[in-house]
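Shown next, in structure tokens, is the structure this report addresses.
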Amino acid sequence: PQRLGTLPAVVSGRLMKIAEVDQYQFMVKQSGLVSLDLYARRIGSKFHGVLAVYDQAGQRVADVADTEGLDVDLSFPARAGEIYTAKLHDLDFRGNRAYVYRLGFHRGPRVVTMIPAAVQRGKNQRLEFSGIGLVSGEKQRESVQADVAGQAGTKAASFSYPLQTSAGVVPVALPLSDVLE
């Protein structure tokens, strides 16, 4: 496996051969949530990723399979000082030079959804964010609310918002809209 430095980290790779399994090892200094986010379909690759994380004893601690072509992500509680191995392969164990991906590793909570789904430009709105560990930092689905000011005077499609949670700051890409969602 390729060893990663401190998290957050992002790796780019390619599943070139049939039955290829790419592997990445990492360790966290503090116990808490770790999330992995696969970008394959979102960047034009046509494979269905299967992502699994194993502890240093070889026991699977988390896994997910992309059976719908939507890319995958997962979160799991990591223990300080333990070495984890993330393994990625195609659902059908296919390989191809076009099977490129980006795999992100980060510590802390993860936002999964928000309501409304976009922020109106130039308006202040109260948003509800739902995700993993947003309140407690534990592996459970939780929600928080925040007042967000939609950036005025920009034609950008989105902006980065630092969501403050009791478990840490979570950067969230918020889509901007000219109309109320």
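The values are calculated or read from the model by the stated rules, or taken from the named source; none is laboratory data. All of these numbers come straight from a predicted model, not from anything done at the bench. With ideal geometry, Cβ positions are generated from the backbone for all residues, glycine too; neighbour counts draw on all protein chains shown. Keep in mind that these areas ignore ligands, DNA and RNA; they rest on the heavy atoms of the full protein, side chains included. Shrake-Rupley method; radii C 1.70, N 1.55, O 1.52, S 1.80 Å.
Among the candidates Leu163, Leu91, Leu127, single out the residue that is exposed (fewer than 15 other Cβ atoms within 10 Å of the Cβ) and modelled with pLDDT of 90 or more. Steps first, answer last, please.
Details: Leu163 fails: exposed (fewer than 15 other Cβ atoms within 10 Å of the Cβ); Leu127 fails: exposed (fewer than 15 other Cβ atoms within 10 Å of the Cβ).
Leu91 is the lone residue from the list that is exposed (fewer than 15 other Cβ atoms within 10 Å of the Cβ) and modelled with pLDDT of 90 or more.
Applying a threshold of 8 Å to beta carbon distances and a minimum spacing of six or more residues, or different chains, the list of pairs starting in the stretch 32-59 at a residue that is more than 29 Å from Glu82 (Cβ to Cβ) and open to solvent by less than 20 Å² (accessible area, probe 1.4 Å) and ending at one that is aliphatic (A, V, I, L, M) and assigned to a strand (DSSP E or B) reads Ser45/Val100.
Quick grid of which residues meet (1) farther than 24 Å from Gln25 by Cα; (2) surrounded by fewer than 19 Cβ atoms within 10 Å (Cβ to Cβ):
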| residue | (1), (2) |
| --- | --- |
| Val64 | no, yes |
| Phe76 | no, yes |
| Leu103 | no, no |
| Pro116 | yes, yes |
| Gly131 | yes, no |
| Ser136 | yes, yes |
| Ser143 | yes, yes |
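Within the stretch 36-45, identify whether any single residue is closer than 23 Å to Val170 by Cα and either more than 18 Å from the chain's Cα centre (by Cα) or acidic (Asp, Glu) (or both), and answer yes or no. Within the stretch 36-45 (the criterion being closer than 23 Å to Val170 by Cα and either more than 18 Å from the chain's Cα centre (by Cα) or acidic (Asp, Glu) (or both)), the answer is yes, since at least one residue qualifies.
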